[in-house]
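Below: the structure, in structure tokens.
The values are calculated or read from the model by the stated rules, or taken from the named source; none is laboratory data. Owing to the predicted nature of the structure, the values given are computational and were not obtained by experimental measurement. Backbone-built Cβ (ideal geometry, glycine too); neighbour counts: all protein chains shown. Remember, those area values only see protein heavy atoms, side chains included, never the ligands or the DNA or RNA. Shrake-Rupley method; radii C 1.70, N 1.55, O 1.52, S 1.80 Å.
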Amino acid sequence: MSDLRDLYQEVILDHGKNPRNFRKLEDADHQAEGNNPLCGDRINLYLKMDGEVIADIGFQGRGCAISTASASMMTESVKGKTRAEAEALFQRFHELVTGEAEASPGAPELGKLAVFAGVRDYPIRVKCATLPWHTLRAALEEKQETVSTE
Amino acid sequence: MLDVQAIRKDFDILGREMRGKPLVYLDNAATTQKPRVVIEALVEYYRNYNANIHRGIYYLSELATEKYEQVREKTARFIGAPDPATIIFTRNTTEAINLVAYAWGRQYIEPGDEIVLTEMEHHSNLVPWQLLAQEKGARLRHIGITEDGRLALDDLDEIITERTKLLSITRMSNVLGTINPVKPLIDRAHAKGAICLIDGAQGVPHLPTEVLELDCDFLAFSAHKMLGPTGVGVLYGKREWLERMPPFLGGGDMISRVWLDRATWNKLPWKYEAGTPNIADVIAFGAALDYLEQIGMEAVRAHERELTAYALEQLSRVPGIRIFGPRHVEDRGGVISFDLEGVHPHDIGQLLDAEGVAIRAGHHCCQPLMERLDVSATARASFYIYNTEEEVDRLVEAVRKVERVFSRAVN
Ligand SMILES: Cc1ncc(COP(=O)(O)O)c(C=O)c1O
């Protein structure tokens, strides 16, 4: 399975098994639900905002290793960031996993999130990797309806 | 016994490599591969006698009509229906079920009536009845399932009652492989005055089917799950119902006479086949039926039973595996759903794909069943006439590899 090592990196397997911030925030002031009807993956995302800053973030749900790891690592990378910074990070992440574009000038550093580069070779998994981010965007926008990747 | 090696030679696709490895195709419950004779029949129609049917007074049209209608006769014979006029061609199982839900359901279902389904139904045998029940104020009832994935028949007397107007159930579960005891259920429903539809999408391709013996009022199935092309489904119906029901779709071919403000209907079966049908694919489906008839459905079932027993035994030894559905092969067809502790079925599917093994991962269009099993998805391997024990070994080996990759990450 050497060809798959790029997708299932050690870090991804680890976050898939032991997701960080995997909890419901009792004092959340924003939340959203994401849903991938194709595979039945579901995520509930909770945010506590301090003005424009994401002060705390947690998620629950069940999904594949890619979507769980993506959610876990997303929570780590956006905690303490502003709404605008999180949005910019999503755009950069989206470019990475779809392989659509090189980093635009001034784009934020992806840091650990770069391990998701392997996803670009597996188009059907792009939805798994981006579901948590779409859900984050919905939570920030306080949309009420469930986000769907379909 | 089937001569599987000879059969495999009729399927060019089985000689292909996937991801640099020989393809192991185990998603037959979704759709099967097509033998060369089926593909050739399709091409031959377009190349040699393409014409619309039931219309032309020229030779080509007559020939196409004859070939098309011959497949209706073959289909009738295949399921033991004495009258070819009781065979309606649709697009797929889904459309066949919808035909009954619209034509029969809108006419005969009234507020307070009950429609009995099961918890293991495919969405195509759930949603049409939900739409009907909502529209008519009818009530849906569901036969539950046991821990090992069989129908829970204990409280049947409370579910199938005088209020039941329709029992609509699958012959075989596309997730659990369960072969349901449809005959006694049909008898029970009939005794209460209800009619019965059998979803044969999985049953007809894998088990001998005799509609007179089953005594079902309707049977729906799809050509593409039994070596035939996509785009062809079959609805068998008892003549009395097909005569009494109003049409489904209106248009050309289904009429007898048309005035500006009204029309009368064509005879059976054409009353339910509005517009130009899928001539080419119906004709190619005929070649698939010939192929299966030559092998014999008893032999198909015996081969799958053996392969399934072998696969169950081998898979059950994989650490962390959980296999859904009945334990005994007598109660199940060639469908095995499983998961691995701590590994999402999606990831199983992806890793198996890298080994050239094509299985399905997901909810298999059975979301309520997934809820019942308390999983978001399962991995599913499903067999057909061309699958071998060596392929099962490749599956098992690949599943073991998945287990190893993921156990690396366990703390
Ligand atoms: C049990 C069952 N019913 C119905 C269907 C629907 O068949 P189709 O998609 O050909 O309409 C399927 C196939 O997916 C099935 O397995």
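Points to keep in mind about this one:
- Just so you know, in the stretch B:344-370 the residues that are assigned to a loop (DSSP other than H, G, I, E, B) and within 9 Å of chain A (Cβ to nearest Cβ) include one that is farthest from B:Arg141 (Cα to Cα), and it is B:Glu355.
- Number of the condition not met by B:Pro326 [criteria: (1) free of Cβ contacts under 8 Å to residues at least 40 places away in the same chain; (2) in contact with a Ser or Thr (Cβ under 6 Å, 6 or more places away or on another chain); (3) more than 20 Å from B:Arg394 (Cα to Cα)]: (1)
- With respect to the conditions (1) under 21 Å from B:Ala201 (Cβ atoms); (2) among the polar types (S, T, N, Q); (3) part of a helix (DSSP H, G or I), B:Gln294 lacks only one, and its number is (1).
- Qualifying positions in the stretch B:198-227 - part of a strand (DSSP E or B) and within 11 Å of the ligand (Cβ to nearest atom): B:Ile198, B:Asp199, B:Ala220, B:Phe221, B:Ser222
- Residue that is nearest to the ligand (Cβ to nearest atom) [pool: residues in the stretch B:103-118 that are surrounded by fewer than 19 Cβ atoms within 10 Å (Cβ to Cβ) and of a type outside the set (S, T, N, Q)]: B:Arg106
Conditions tested, residue by residue: (1) assigned to a loop (DSSP other than H, G, I, E, B); (2) touching a residue at least 12 places away in the same chain (Cβ under 8 Å).
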site	(1), (2)
B:Ile97	no, yes
B:Ala101	no, yes
B:Trp104	no, yes
B:Gly112	yes, yes
B:Leu131	no, yes
B:Leu140	no, yes
B:Glu147	yes, no
B:Glu158	no, no
B:Leu167	no, yes
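- Filtered by the rule that a residue be surrounded by 24 or more Cβ atoms within 10 Å (Cβ to Cβ) and part of a helix (DSSP H, G or I), the stretch A:60-72 gives A:Ala65, A:Ile66, A:Ser67, A:Thr68, A:Ala69, A:Ser70, A:Ala71.
- All told, B:Glu306 falls short of being open to solvent by 20 Å² or more (accessible area, probe 1.4 Å), more than 14 Å from chain A (Cβ to nearest Cβ), more than 22 Å from the chain's Cα centre (by Cα) and under 23 Å from B:Lys34 (Cα atoms).
- Scanning the stretch A:41-55 for residues that are touching a helix residue (DSSP H, G or I) at 6+ places or on another chain (Cβ under 6 Å) and within 14 Å of another protein chain (Cβ to nearest Cβ) yields A:Asp41, A:Ile43.
- Checked against (1) within 14 Å of chain B (Cβ to nearest Cβ); (2) in contact with a Phe, Trp or Tyr (Cβ under 9 Å, 6 or more places away or on another chain); (3) within 19 Å of A:Lys79 (Cα to Cα), A:Gly58 passes all but condition (1).
- Unique residue being modelled with pLDDT of 95 or more and over 26 Å from B:Val405 (Cα atoms) when the list is B:Ala299, B:Ala311: B:Ala299
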